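The values are calculated or read from the model by the stated rules, or taken from the named source; none is laboratory data. Values in this document were obtained by computation on a predicted structure and should not be read as measured data. With ideal geometry, Cβ positions are generated from the backbone for all residues, glycine too; neighbour counts draw on all protein chains shown.
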């Protein structure tokens, strides 16, 4: 541990808050239809888009109609992306957009990849530089990066409308929300971001891969591509799917310590801003502050544990006397799988940032973390991505937890529970309860299937490699993490678990592992769209409710007591659900000096 | 408003039926076994899961007892399976017992009531007789001193004292008379003097007593909306723990550890919210019961729940905030009128006024040496030359037409309106006097003869002691109090200020009262009120919590959703507290139940995975890395799991008294209350089982050798 490390973490929290506050105010204006400074610039384009899409933005939708639009749009996107990826070299594609003449990945891997990008998960069984053409990356994957982020945000906005709605069933207009999200939010921010990234050395070209001659006389192929444009939305939209296999550990995606810091801010800024926007849209900014405080406390707690654990090293490293070796430029600790230019604090912070959100980008190898340090991403995922979480998804999932906390806490002050003046009754509890349950259930269920079946165990790297059959805590961690990450639409991985066997770049002779590909694909789709439907249904149920003015006897949801209650509920639900599974993976590893 | 509620400021609490009364305990024990019927359990998802678990573990034990292997692998001894099975059954039995106890207490009350419903013979007005159970609506019966009133009804003729102790627990007899707001009588009560004619108002089997019996017995109990919502939450938690436990089996096998069905079921039962699942319905029944013990009959559980949510309390000034009887203390004549002249007119206009105010005017007039032109009690029957004008809420005047003169007394505005209608004009001094009395907190009544205002009667109002503290109390509970009074604004403002009430509705008519309730409800607030008169009925029906006074009219008692047998308007405060207690108890035990799970994990999981990934070297070669999680240092894996299950079961009977009594409500503001309950039931819920499980393990491992 070092002072610089701690300062980096504190500074990050401060700058994040400072950026998110004005962005939150801006977003609240966008979604309440107020004029913003970009309106003169994009207003005509917005109106033009409505005309093209044949959308009447004045026509408000109830939750069912909103959900229907969302599902149809998603389905269309899924089919389009599947088509693009499966026809990578089928039609005439300009050389510049597929310079290496890559074939398409097999159907099962493509199913997984398409579901992954549709759901903002960006789980990747493939390596970008050996699988995808530039066309697939730009027109296929990048576009879905945008749209999946947009869908997450509009669901959160619709839920907020339901919570604060005073009249009728309407929760807004899906098309209008989506267009505004992209036009006034994601697009301008992405352009700015891409320019900053390019200035730091992130590449943006259509060159064919470079060949370098190494010092030992070998040749090395260096991947190229339009990276900066995808990198921007990968982070801003908490997508996390790297252009290149090593993701943000690669110098072309994340070249400097500055970009490392900048990229972390990009990941959290929209989720954090949405929380403030929520406060403003409820008409009481303190509501937003309370949720922000809840998220920030849990976030800093996770960072602290990860940083201390990584700086301390693992029991096995201690046993080998490794912790005492101060490697040049670092303060010792576990540097396995980490980049020198980021150091332990920069890696620990980055990985907490991308696992509390549904981003899942990585700048170091999670599976090389210490047992306890590696348990932090697990714990973050176990909290169902409500600590900032994915763009939109974090907020709507958190709001479902708030609903649950209000119900339990509200009873304890002697009133039937009410949230922002609205009574919580059987219907809301049912919908919110199911909405919260889906993700953990999907994760546990898929992990059970994968660990219990020989088809599932095939994906564990160690099973193929070791004679003992690979039933180790590490094998369990990899499998569990894979389905937990996919269920939470995160996308980060404990490498080793695979669904794609690719003997050479360009997909010739490659094949997928159908079991892992399909199970993961369904895990992602189910755990994404079922909670969305429940969140929208909650919005619909709350929209028409009568509002009771708050009094002294009403439980407040904007003070420290509530923050404590909310943290307690999130931790307890997450811990009680995942503790047994965590025991058999990261906790066993953290408690033993034995190497797996 | 009637002043009949004046002397009811007392805390009569129905004798609490002791929890450990012998016959209640016996009955509860029998019931808790009888309720093992799966058709009963299916209504409670949490306990139904426990019962299925009990059946499976019992079967496993039987297989083991006949030399078979435990289901699902493992090498657990038969005694272990047997012990788990027994305690799982006990868990269900304890849950049933909680409900049976709660019902038993209600049933004891009901039995007392049922004894009163003895078959009586009703004397019909036409001289015939009829069995009480055959009386139908509209029958007229005569009841004389010493007889039981055969059914619910309204006194149509006469006045009598009635001993209502059978239903109210209050031994002092009350007066029931025809007309007005004290005309309702209840079947099963006894007339102690005089004779009355009663018109029966209920069909057989639907009497007040019948309803009361059904209510306290819980026969008509339906789940309240909040109870349903909480049940859904508990079912959701049960569902997630079922998946957690079901997936633990393949996870364990992956790590080379096979876990027996018995252990998995034990883990499941330990995790699902059995504590609150077991006590939830008892809490609801006990809430109704606590109302009954405060002599309040809630006609539905929903009403009890709603009373915890009340935002606005409408309180009648008279009898609630002030001592009911405003007494005449002074006659203030207008210029040119003598005091005696005013006194005589005031007395004449009040002779037919049976209210305490009216009587106090007559009493005051006597001090001026004025006597009524006719004897007491004769006025309504013999004197035909006097035409009495009764008080009505619209005119807000009463009086008499006597010897060609129209004598009226009433609120200042009404009297001014009256004389102006007669072509007169109010003297300028009148307004000054009215305002002065109003400012001093008194009630002015103007007296007029034809077109002339004679003067003003000064009625003094006394605020009850301790009202300010009570209103502060209510304010701390987050409840706004509104005083409702027929007085003018000035008087109302003065009394409102003195008593500390938040707001007031002056010059209230029944219409204004109803409008006020609707207005508050449209603003999203829940309104509670008390009432006894027929003109209160619409407002009582409109209010979310309408408490009718038992002394009130039949119409009022029908309109409200609660009846206060003590007819004590300040009872509303207690009613709200009972409602809040009920909800707090639910929330607190839910929190406690979920928080308990942490310790249970630390007891059961290290026991299950003690040998997982054992290295075979070191001081404990058979133990894997996870044994360090046995932070309670429990004896053996079996003793650890059994201890957790015993704790899980025993905590139910230990909490029955709390569930029945209810968690205390403190008016300290929502945030402070939440902090307090989170600390006790949340943090306490995490810590308590660590201690409890360790203690049980000490006994069964160190003493019994498990």
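Exactly one condition in (1) within 14 Å of another protein chain (Cβ to nearest Cβ); (2) touching a strand residue (DSSP E or B) at 6+ places or on another chain (Cβ under 6 Å) is not met by residue B:526; state its number.
Going through (1) within 14 Å of another protein chain (Cβ to nearest Cβ); (2) touching a strand residue (DSSP E or B) at 6+ places or on another chain (Cβ under 6 Å) one by one, residue B:526 breaks only (2).
So, of the residues in the stretch B:221-238 that are more than 7 Å from every other protein chain (Cβ to nearest Cβ) and assigned to a helix (DSSP H, G or I), which turns out to be farthest from residue B:612 (Cα to Cα)?
Going residue by residue through the stretch B:221-238, those that are more than 7 Å from every other protein chain (Cβ to nearest Cβ) are B:221-224, B:227, B:230-231, B:234-235, B:237-238.
This time we only want the ones that are assigned to a helix (DSSP H, G or I), so: B:227, B:230-231, B:234-235, B:237-238.
Numbers: B:227: 42, B:230: 38, B:231: 37, B:234: 32, B:235: 32, B:237: 28, B:238: 27 Å.
Top of the filtered list is B:227.
Just the residues that are over 28 Å from the mean Cα position of the chain (by Cα) and not in a helix (DSSP H, G or I), please, taken from the stretch A:411-434.
Step one: of the stretch A:411-434, the residues over 28 Å from the mean Cα position of the chain (by Cα) are A:411-418, A:420-427.
Selection gives A:413, A:414, A:415, A:416, A:417, A:418, A:420, A:421, A:422, A:423, A:424, A:425.
Of all residues in the stretch A:227-253, how many are assigned to a loop (DSSP other than H, G, I, E, B) and either within 14 Å of the chain's Cα centre (by Cα) or over 20 Å from residue A:126 (Cβ atoms) (or both)?
Within the stretch A:227-253, residues that are assigned to a loop (DSSP other than H, G, I, E, B) and either within 14 Å of the chain's Cα centre (by Cα) or over 20 Å from residue A:126 (Cβ atoms) (or both) number 7.
Does residue A:449 meet the test of being in a helix (DSSP H, G or I), within 14 Å of chain B (Cβ to nearest Cβ) and either under 18 Å from residue A:529 (Cα atoms) or under 25 Å from the mean Cα position of the chain (by Cα) (or both)? Explain how you work it out, then say what you get.
Working: in a helix (DSSP H, G or I): yes; within 14 Å of chain B (Cβ to nearest Cβ): yes; either under 18 Å from residue A:529 (Cα atoms) or under 25 Å from the mean Cα position of the chain (by Cα) (or both): yes.
Yes, satisfied.
Inspect all residues belonging to the stretch A:292-307 and state whether any of them is surrounded by fewer than 24 Cβ atoms within 10 Å (Cβ to Cβ), modelled with pLDDT under 85 and closer than 18 Å to residue A:5 by Cα.
Among the residues of the stretch A:292-307, not one is surrounded by fewer than 24 Cβ atoms within 10 Å (Cβ to Cβ), modelled with pLDDT under 85 and closer than 18 Å to residue A:5 by Cα, which makes the answer no.
Consider residue A:211 against the criteria (1) part of a strand (DSSP E or B); (2) touching a helix residue (DSSP H, G or I) at 6+ places or on another chain (Cβ under 8 Å): it satisfies all of them except one. Which criterion is unmet?
The single condition residue A:211 does not satisfy is (2).
Out of the stretch B:127-155, which residues are at pLDDT below 80 and within 14 Å of residue B:176 (Cα to Cα)?
Listed by number, the list is empty, since nothing qualifies.
Given the conditions (1) surrounded by fewer than 24 Cβ atoms within 10 Å (Cβ to Cβ); (2) closer than 26 Å to residue B:253 by Cβ; (3) within 14 Å of chain A (Cβ to nearest Cβ), which single one is not true for residue B:603?
Looking at each condition in turn, residue B:603 falls short on (1).
Are any residues in the stretch A:483-503 part of a helix (DSSP H, G or I) and within 14 Å of chain B (Cβ to nearest Cβ), and if so, which ones? Talk me through it step by step, then tell me what you get.
First pass over the stretch A:483-503, keeping only residues part of a helix (DSSP H, G or I): A:483-487.
Answer for the stretch A:483-503, where residues must be part of a helix (DSSP H, G or I) and within 14 Å of chain B (Cβ to nearest Cβ): A:483, A:484, A:487.
What's the number of the only condition in (1) under 30 Å from residue A:263 (Cβ atoms); (2) loosely packed, with under 13 Cβ neighbours inside 10 Å; (3) in contact with a helix residue (DSSP H, G or I) (Cβ under 9 Å, 6 or more places away or on another chain) that residue A:14 fails to meet?
Tallying (1) under 30 Å from residue A:263 (Cβ atoms); (2) loosely packed, with under 13 Cβ neighbours inside 10 Å; (3) in contact with a helix residue (DSSP H, G or I) (Cβ under 9 Å, 6 or more places away or on another chain), residue A:14 fails exactly one: (3).
Can you find even one residue in the stretch B:667-689 that is surrounded by fewer than 19 Cβ atoms within 10 Å (Cβ to Cβ), more than 9 Å from chain A (Cβ to nearest Cβ) and not in a helix (DSSP H, G or I)?
For the stretch B:667-689, residues surrounded by fewer than 19 Cβ atoms within 10 Å (Cβ to Cβ), more than 9 Å from chain A (Cβ to nearest Cβ) and not in a helix (DSSP H, G or I): present.
From the list A:475, A:512, A:496, A:469, which one is modelled with pLDDT under 95, in contact with a strand residue (DSSP E or B) (Cβ under 7 Å, 6 or more places away or on another chain) and over 17 Å from residue A:366 (Cβ atoms)? Let's see the steps before the verdict.
Numbers: A:475 fails: over 17 Å from residue A:366 (Cβ atoms); A:496 fails: over 17 Å from residue A:366 (Cβ atoms); A:469 fails: in contact with a strand residue (DSSP E or B) (Cβ under 7 Å, 6 or more places away or on another chain).
Unique residue meeting the criteria: A:512.
Is there a residue being more than 14 Å from chain B (Cβ to nearest Cβ), surrounded by 22 or more Cβ atoms within 10 Å (Cβ to Cβ) and either outside any helix (DSSP H, G or I) or within 26 Å of the chain's Cα centre (by Cα) (or both) anywhere in the stretch A:539-554?
Among the residues of the stretch A:539-554, at least one is more than 14 Å from chain B (Cβ to nearest Cβ), surrounded by 22 or more Cβ atoms within 10 Å (Cβ to Cβ) and either outside any helix (DSSP H, G or I) or within 26 Å of the chain's Cα centre (by Cα) (or both), which makes the answer yes.
Kindly indicate whether any position in the stretch B:206-216 is out of contact with any helix residue (DSSP H, G or I) (no Cβ under 9 Å at 6 or more places or on another chain), buried (at least 24 other Cβ atoms within 10 Å of the Cβ), in contact (Cβ under 8 Å) with a residue 40 or more places away in the chain and within 30 Å of residue B:179 (Cβ to Cβ).
So far as the stretch B:206-216 goes, yes, one or more of its residues are out of contact with any helix residue (DSSP H, G or I) (no Cβ under 9 Å at 6 or more places or on another chain), buried (at least 24 other Cβ atoms within 10 Å of the Cβ), in contact (Cβ under 8 Å) with a residue 40 or more places away in the chain and within 30 Å of residue B:179 (Cβ to Cβ).
Restricting to the stretch B:514-525, name every residue that is touching a helix residue (DSSP H, G or I) at 6+ places or on another chain (Cβ under 6 Å) and surrounded by fewer than 24 Cβ atoms within 10 Å (Cβ to Cβ).
Filtering the stretch B:514-525 for residues touching a helix residue (DSSP H, G or I) at 6+ places or on another chain (Cβ under 6 Å) gives B:514, B:517.
B:514 - this is the single residue of the stretch B:514-525 that is touching a helix residue (DSSP H, G or I) at 6+ places or on another chain (Cβ under 6 Å) and surrounded by fewer than 24 Cβ atoms within 10 Å (Cβ to Cβ).
Considering only the stretch A:529-538, I want to know if a residue exists there that is within 7 Å of another protein chain (Cβ to nearest Cβ) and more than 30 Å from residue A:246 (Cα to Cα).
no
Conditions (1) buried (at least 22 other Cβ atoms within 10 Å of the Cβ); (2) at pLDDT 95 or above, marked per residue:
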| position | (1), (2) |
| --- | --- |
| A:122 | yes, no |
| A:157 | yes, yes |
| A:164 | no, no |
| A:170 | no, no |
| A:205 | no, no |
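Out of B:283, B:276, I need the residue that is buried (at least 24 other Cβ atoms within 10 Å of the Cβ) and under 15 Å from residue B:580 (Cα atoms). Which one? I'd like the intermediate steps shown before the answer.
On the way: B:276 fails: under 15 Å from residue B:580 (Cα atoms).
Exactly one residue qualifies, and that residue is B:283.
Residue A:368: outside the structural domain of residue A:536 (by TED's automatic domain parsing) and buried (at least 24 other Cβ atoms within 10 Å of the Cβ), yes or no? Break it down stepwise before answering.
Values: outside the structural domain of residue A:536 (by TED's automatic domain parsing): yes; buried (at least 24 other Cβ atoms within 10 Å of the Cβ): no.
No.
Being at pLDDT 85 or above, surrounded by 20 or more Cβ atoms within 10 Å (Cβ to Cβ), more than 9 Å from every other protein chain (Cβ to nearest Cβ) and assigned to a helix (DSSP H, G or I) narrows it down to one residue among A:566, A:576; which is it?
On the way: A:576 fails: more than 9 Å from every other protein chain (Cβ to nearest Cβ).
Result of the check over A:566, A:576: A:566.
Go through the stretch B:612-640 and give me each residue that's surrounded by fewer than 16 Cβ atoms within 10 Å (Cβ to Cβ) and either within 12 Å of chain A (Cβ to nearest Cβ) or touching a strand residue (DSSP E or B) at 6+ places or on another chain (Cβ under 8 Å) (or both).
Here is the first cut: in the stretch B:612-640, the residues surrounded by fewer than 16 Cβ atoms within 10 Å (Cβ to Cβ) are B:615-622, B:628, B:631, B:633.
Those that are surrounded by fewer than 16 Cβ atoms within 10 Å (Cβ to Cβ) and either within 12 Å of chain A (Cβ to nearest Cβ) or touching a strand residue (DSSP E or B) at 6+ places or on another chain (Cβ under 8 Å) (or both): B:615, B:616, B:617, B:618, B:628.
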